[in-house]
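Below you'll find the structure, written out as structure tokens, and then a few comments.
Bear in mind these aren't lab numbers, they're just calculated from the coordinates by the rules spelled out. Predicted model, so just to flag it, every value in this text is computed and none were measured. Glycine also receives a Cβ, built like all others from the backbone with ideal geometry; neighbour counts cover every protein chain displayed.
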Amino acid sequence: MKALTAHMPRVRLGHAPTPLEPMRRLGEWLGGPRLYVKRDDCTGLATGGNKARKLEFLLGDALAQGATVLVTVGALQSNHVRQTAAAAARLGLACVALLEDKVDIASAAYQHGGNVMLDALLGARVLRYPRGTDMAAQLAAFCDELRGQGQRPYAVPMGGSSAIGNLGYVECARELAQQARDMGVPLTHIVLATGSGGTHAGLQAGMLALGLPVQVMGINIMGEVGAQAAMVWRQVQATLAQLDVVRPFDAADLRLMDGYVGDGYGLSTAAGMAAIRSVARLEAVLLDPVYTGKAMGGLIDLARRGHWSAEDHVVFLHTGGQAGLFAYADQMAAEAPEGLQMKP
Ligand SMILES: *Cc1c(COP(=O)(O)O)cnc(C)c1O
């Protein structure tokens, strides 16, 4: 299959292809459909995750522009910020992380552990902002300030989601389709967590560009679903335009499932925590409370409600988040007071 993105500047940062593996025990436990996991938690960039693929194209662009410092934004426990700090370190660039105190969790693990610890370890300069700050405005203002000092900043958007960043998931669509073909897996659906939307949009644009009838289903993990769906749809269009490919794609064809966010972004849900435990015990795959646990909770719920047939071949895109899992040590302990427990 030809690379759709061959003409775009790119720097290699991640391990690819990431494995595509069956989840037999989880599939049997649920009684169908056929389940697989695409291990983008194994992209290798300072504990891995989906942002590595986006950063390959974003940093290709940054280097082409002669940038010397990356500036990015995210929530305190952002996996995206940690991977951006890692990419900067790898390429010898400076990194400034503007972090919003978006989630009301006071534990030491959340405030100082997980990704926050790794941001500092990787050499990023971390600045914290109160909840509700307009982070996009802060990002622009901070870059202006650096330019005023004679530096060459590159603004990496929230979640790395942009027409350029999303090319990482166009490439992933191609990689996954090739793997499925090689393994004789008649892939029908992909399920993933949708946050800033670029992963979802890139995969959808990639499948459209490749002409493959694979349904991409996002599980919404933040914000109001209608606004999120409109935002992802716009990103699909922008990504297709970036690829210079014309494909019709109705807003009604975008799949974004609601009902799994709970009380909000970054706040754990009982279904998400149960999914994290089940998948750890059945597959030894580690999920996180913010993204992949909620997405897997959605997949499990949909499977139980008979959303898929036994002939469907469903891939769960594991987008990472393992470093973030450690920030939720207190919530994990509170949710699983039973101690030693062999049942999924
Ligand atoms: C950022 C992130 C997502 C969501 O990806 P978007 O492209 O922002 O929608 C999902 N899972 C994990 C672990 C992430 O860090």
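Based on this model, can you work out whether residue 58 counts as among the aliphatic types (A, V, I, L, M) and crowded, with 24+ Cβ neighbours inside 10 Å?
Working: among the aliphatic types (A, V, I, L, M): yes; crowded, with 24+ Cβ neighbours inside 10 Å: yes.
For residue 58, the condition - among the aliphatic types (A, V, I, L, M) and crowded, with 24+ Cβ neighbours inside 10 Å - is met.
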Only one of 50, 115 is touching a strand residue (DSSP E or B) at 6+ places or on another chain (Cβ under 9 Å), within 14 Å of residue 326 (Cβ to Cβ) and either among the small types (Gly, Ala, Ser) or in contact (Cβ under 8 Å) with a residue 40 or more places away in the chain (or both). Can you tell me which? 115
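Among the residues of the range 184-193, is any more than 27 Å from residue 88 (Cα to Cα), touching a helix residue (DSSP H, G or I) at 6+ places or on another chain (Cβ under 7 Å) and within 16 Å of the ligand (Cβ to nearest atom)?
yes
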Do you know which residues across the range 92-129 are over 13 Å from residue 74 (Cα atoms) and over 22 Å from the mean Cα position of the chain (by Cα)? 92, 93, 94, 106, 107, 108, 123, 125
Close pairs from the range 272-298: first free of Cβ contacts under 8 Å to residues at least 12 places away in the same chain and within 14 Å of residue 318 (Cβ to Cβ), partner of a type outside the set (Phe, Trp, Tyr) and more than 10 Å from the ligand (Cβ to nearest atom), Cβ under 8 Å, at least 6 apart: 280/286
Of all residues making up the range 194-226, the number that are assigned to a loop (DSSP other than H, G, I, E, B), of a type in the set (A, V, I, L, M, F, W, C) and more than 8 Å from the ligand (Cβ to nearest atom): 3
Scan of the range 230-273 for residues that are in a loop (DSSP other than H, G, I, E, B) and hydroxyl-bearing (Ser, Thr, Tyr), ordered by number: 260, 265, 268, 269
Out of all the residues in the range 28-61, which are among the β-branched types (Val, Ile, Thr) and within 12 Å of the ligand (Cβ to nearest atom)? 43, 47
Output for the range 70-100, where each listed residue is over 19 Å from residue 152 (Cα atoms) and away from the ligand (no atom under 12 Å from the Cβ): 76, 99, 100
